[in-house]
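The values are calculated or read from the model by the stated rules, or taken from the named source; none is laboratory data. Keep in mind it's a predicted model, so treat the numbers as computed, not measured. Cβ coordinates were reconstructed from backbone atoms using ideal geometry, including for glycine residues, and neighbour counts include every protein chain displayed. Heads up: the accessible areas ignore ligands, DNA and RNA and are worked out on the full protein's heavy atoms, side chains in. Shrake-Rupley method; radii C 1.70, N 1.55, O 1.52, S 1.80 Å.
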Amino acid sequence: MTDIIHFNQVGYRYPGGKDVLSDVTFSLGRGEMAFVTGSSGAGKTTLLRLVGLLCKPTRGQVMVDDVNLASLKNGDIAPFRQRIGMVFQNFNLLYDRTVFDNVALPLVIRGFAYSDVQRRVRAALDAVGLLNREKSSPLTLSGGEQQRVGIARAIVSKPALILADEPTGNLDPEMSKEVMKLFERFNQVGVSVLIATHALHLIVHMPHRIIHLDGGKITARRPRTPVLSDLPPFPGEDSRGR
Ligand SMILES: Nc1ncnc2c1ncn2[C@@H]1O[C@H](COP(=O)(O)OP(=O)(O)OP(=O)(O)O)[C@@H](O)[C@H]1O
C-alpha cells in the first residue's frame with residue numbers, strides 16, 4: 001500500500017504561540033481509513049488543517065498524494081485542495097440554499113457544465129441516501145441528514161482523500177453510527193479517510209487504525225484490527241464465509 005499522507009517529523013506553532021504539534025511522523029495508506037484521537041487541544045484539528053493546506057508546517061514535511069505540500073506554488077493550492085473532501089463538525093452548510101445547491105457548490109466554483117453538475121450531485125445524494133431531499137432546505141433536515149449533505153458535498157468532486165473533523169460531534173449516538181458507516185462505505189470503494197474524533201466509544205470496536213495525540217505528540221497507535229473479511233475464503237465459500 002503506498003501512502004496518501006505522510007508526515008515526517010512535523011511541527012506546528014500558531015503565530016506568536018507555542019508548539020501545538022511536535023515531531024509528528026505517521027502515514028495513511030492509500031485506501032486506508034484511520035482515526036486521530038486525543039483530548040481537547042491535543043492538536044487533531046491542526047493536523048487535519050496541515051493535510052488540507054489550511055496552514056503550513058513550521059518544521060518537517062507533509063506529503064499528500066505524492067506531493068510535498070511545501071513545493072506547491074500559491075496558484076496550485078486551490079486545484080490541489082480539490083483532491084481532498086472535507087467534512088466538519090458543524091456541517092458548514094448554506095442554509096439559504098437547497099440541499100442540491102449545497103452539494104453542487106464545489107462543482108459550480110470549478111465551472112462544471114450544468115448537466116455534469118446535475119448528474120454528479122444526484123449520484124452523491126444517492127450515495128448518502130438523500131436523493132429525495134434535493135429540493136429541501138437544510139433547515140428542514142435532522143442533524144444526521146445535514147451531516148450526510150456535508151459528506152455528499154465532500155465526495156461530489158470524487159476526492160482521493162476525505163478529512164473529517166469531529167464529524168459526529170453534534171450528532172446523537174444512532175446518527176453518529178450511521179455517519180461512521182457511511183465513511184466506511186466510501187472507504188470500501190477505495191477512498192482514503194482520516195477522521196479526527198473524541199468519540200472513542202464509537203470507534204473502539206471498528207477495525208481501523210488509531211493515531212492518538214497528546215499535547216501535540218503521537219503517544220499511542222492502535223494497529224488496524226484484522227476482520228473476518230481479511231481472511232481468505234475457504235474453498236467453496238465466498239469472502240463472507242457463506
Ligand atoms: N488560531 C489559533 N491560534 C493560536 N492557537 C491556536 C489556534 N487554533 C488552535 N490553537 C491552539 O492549538 C492547540 C491545538 O488545537 P487543535 O484545535 O488542533 O486541537 P484539537 O485536538 O482539535 O482540539 P478540539 O478537540 O478541542 O477541537 C490548542 O492549544 C489550541 O488552543
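Calculate for the chain the 222 nm mean residue ellipticity that helices alone would give, adding -39,500 (n - 2.57) per DSSP H run of length 4 or more and normalising by residue count, nearest 500 deg cm²/dmol.
-9000 deg cm²/dmol, from helical runs alone.
Of the solvent-accessible surface of the chain, computed with a 1.4 Å probe and all protein chains present, 54% belongs to carbon and sulfur.
Taking every DSSP bridge with both residues inside the chain, close to 55 percent are antiparallel. For the pair Gln9 and Ser142, label points projected 7 Å from Cα toward Cβ lie 5.0 nm apart. Here the chain yields Rg over Rh of 0.98, to two decimals, using C-alpha coordinates and the Kirkwood radius. Largest GNM mean-square fluctuation among Lys56, Lys181, Lys217, using the chain with Cα springs under 10 Å: Lys181. In a simple Cβ point-charge model (Lys, Arg +1; Asp, Glu -1; nothing else charged), region 101-217 has a dipole of about 420 debye relative to its Cα centre. Full extension of the chain between Arg224 and Lys177 yields a length gain of 15.0 nm, computed as 0.36 nm times the residue separation minus the alpha carbon distance. How would region 99-168 be classified by its alpha-carbon gyration tensor: rounded, prolate or oblate, with rounded meaning a/c under 1.5 and the a/b versus b/c comparison settling the rest? Oblate, since a/c reaches 1.5 and b/c is not below a/b. The relative contact order of region 89-201, computed from alpha carbon pairs under 8 Å that lie at least 6 residues apart in sequence, is 31 percent. Distance between the pseudo-spin-label points of Ser40 and His201 (7 Å out from Cα toward the beta carbon): 1.7 nm. Each peptide in 203-209, 166-172, 152-158 receives the mean, over its residues, of other Cβ atoms within 10 Å, and ordering these scores from highest gives 152-158, 166-172, 203-209. If a paramagnetic tag sat 7 Å from the Cα of Ala123 along the Cα-Cβ line, which residues of region 141-161 would have the backbone N under 16 Å from that point? Backbone N within reach: 152-161. Entry note, the chain: relative contact order of 27 percent, from Cα contacts under 8 Å with a spacing of 6+ residues.
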